[in-house]
Amino acid sequence: MQLLGRLGDGTPARVRLAGDRIAAVQPAGDAHLDDTGSRAADALPWLLPGLVDLQVNGYAGIDMNGEDVCADTVHALVRAEWRRGVTTVLPTIVTGPPDRMLAAIRAVAEARAADPLTWHSAAGIHLEGPYLSPEDGPRGAHERDHIRPPDPGELARWREAAGDARLLVTLAPETPGAIDYIREATRVGVTVAIGHTAASPEDIHAAAAAGARLSTHLGNGTHQVLPRHPNHIWAQLADTRLAATFVADGHHLPVDAFLAMARATGSASCVLVSDSVALAGCSPGRYSTPVGGDVTLHTDGRLTLTGSSSLAGSTADQAGCLAWAVHEAGLDLATAASMASCNPARLLGLDQRGAIEPGRRADLTLLSPDLRHVRTTVVNGELVHDDHADDDTAAGTGDNSPPPYRPHRGRDRA
């Protein structure tokens, strides 16, 4: 298989695949000329590493936090994400009753065991809660009744249920026992993030010293008004042990805040996430959801708790966040693409993903010149989405349906 497009730096290139790997990346010096010899490089799609989204609660009516989550839910979510250029996703399970959270983890593990492409794409699970601040504001849309202190026993049950899936746990470091929990989680290979918190700066630095590596949707999941200084946002920005995720949907952060935080964090430590929920892609209106309860989806795409300005997740997707970071925030595409692919892959230890280089995993996406349409997605060397089969820049199979589930024939953890 061969793909033609512009790399993130604008260079036209042909990328040749062999099995599940990138075999060659070759300059395509003639690709910028049309049939009349005129320059047409701007008409080429963008050829980028497959997008990596660490926070996906649901999408297009698929909900990872409903009562009926099963392996088919996970398969459907992964395939919906392929259509949006996402090749690696962490299904995100939020604060809920212990049994419901455990059942959702088992559903992810079952789906991964049943299908090699789901195993590859659903590389891990994000547990956002239940060890969060119970205070209004920091708690966000999480159910107060199910907020609880960090429990190493529950972590052990999660790990057993998850099998070989990576785990990312977001918690508030000021909760009782959190620092010891972070140490234990880090010891057993779980990635710990700080979020939904009313922590003191001292709590933040203690968490980072214990092994926390990330701030979840920094600038959100906090009180509407904070002291000018000190506060926990400054502390997270100042601590170089912490990377940070940002919901780049135009609602969670204004451009100035996003750019200031990204500059302070450093581009190599910034990660874009969608924080998408099941209502992504739905019509505006008032809805009842498993998480947040009564919510309103506004005409501009903003999702709030009904009667409140508090956000209840995002209706964006990772491709949309990438486009916002470029078109609205003014980042160059190469930098934004790294925040949406290379950086999150590296954070998960998926070092073979997130870059277009010979020998790397063949996870790729082709985006339209304006970044607003996903044309092609390749997962582990397999064409899983093709929205322009007649265009010679695509792999060109003429079939844009996702591959069916297949039994495993062996797998490689990277």
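Miscellaneous remarks
- Label selected from (i) 37, 24, 20; (ii) 34, 23, 20; (iii) 46, 30, 20, the criterion being semi-axes √(5λ) of the Cα gyration tensor in Å as computed here: (ii)
- For the chain, complete DSSP H runs whose alpha carbons reach 18 Å or more along their own long axis and whose mean Kyte-Doolittle score is -0.5 or higher are 98-114.
- The residue among 27, 80, 11 whose Cα reaches farthest toward the positive pole of the charge dipole of the range 1-158, with charges on the beta-carbon of Lys, Arg, Asp and Glu, is 27.
- Each 10 Å bin from 0 upward holds the following percent of the Cα-Cα pairs of the range 142-292: 10, 37, 36, 16, 1.
- Packing around the peptides 236-247, 66-77, 267-278, taken as the average count of other Cβ atoms within 10 Å per residue, puts them in this order, highest first: 267-278, 236-247, 66-77.
- When every Cα-Cα distance of the range 136-191 is counted in 10 angstrom steps from zero, the calculated P(r) takes the values 21, 51, 27, 2 percent.
- Gain on full extension, evaluated as 0.36 nm per residue between residue 256 and residue 187 minus their Cα-Cα distance, stands at 21.1 nm.
- In Hz, Karplus ³J(HN,Hα) per residue of the range 131-137 (6.51, -1.76, 1.60; θ = phi - 60°; x = Gly, Pro): 8, 10, 5, x, 6, 4, x
- Fully extending the segment from residue 286 to residue 299 would add 3.6 nm, taking 0.36 nm per residue of separation and subtracting the current Cα-Cα distance.
- Dividing the summed -39500 (n - 2.57) terms of all DSSP H runs of n ≥ 4 by the residue count of the chain sets its mean residue ellipticity at 222 nm at -7500 deg cm²/dmol.
- Here the residues 298, 217, ranked from fewest to most Cβ neighbours within 10 Å of their Cβ, fall in the order 298, 217.
- Here the chain carries DSSP beta bridges of which approximately 55% are antiparallel, counting only pairs with both residues inside.
- Whether the range 228-365 is rounded, prolate or oblate, judged on the alpha carbon gyration tensor where a/c under 1.5 counts as rounded: oblate
- Between the amide H of residue 373 and those of 368, distances stay under 5 Å, these residues lying 5 or more places away or on another chain, with hydrogens modeled in the peptide plane.
- Order of 51, 168, 364 - criterion: other Cβ atoms within 10 Å of each residue's Cβ, fewest first: 168, 364, 51
Read-outs: derived from the displayed coordinates by stated rules, not from any lab. Source: prediction; values computed, not measured. With ideal geometry, Cβ positions are generated from the backbone for all residues, glycine too; neighbour counts draw on all protein chains shown.
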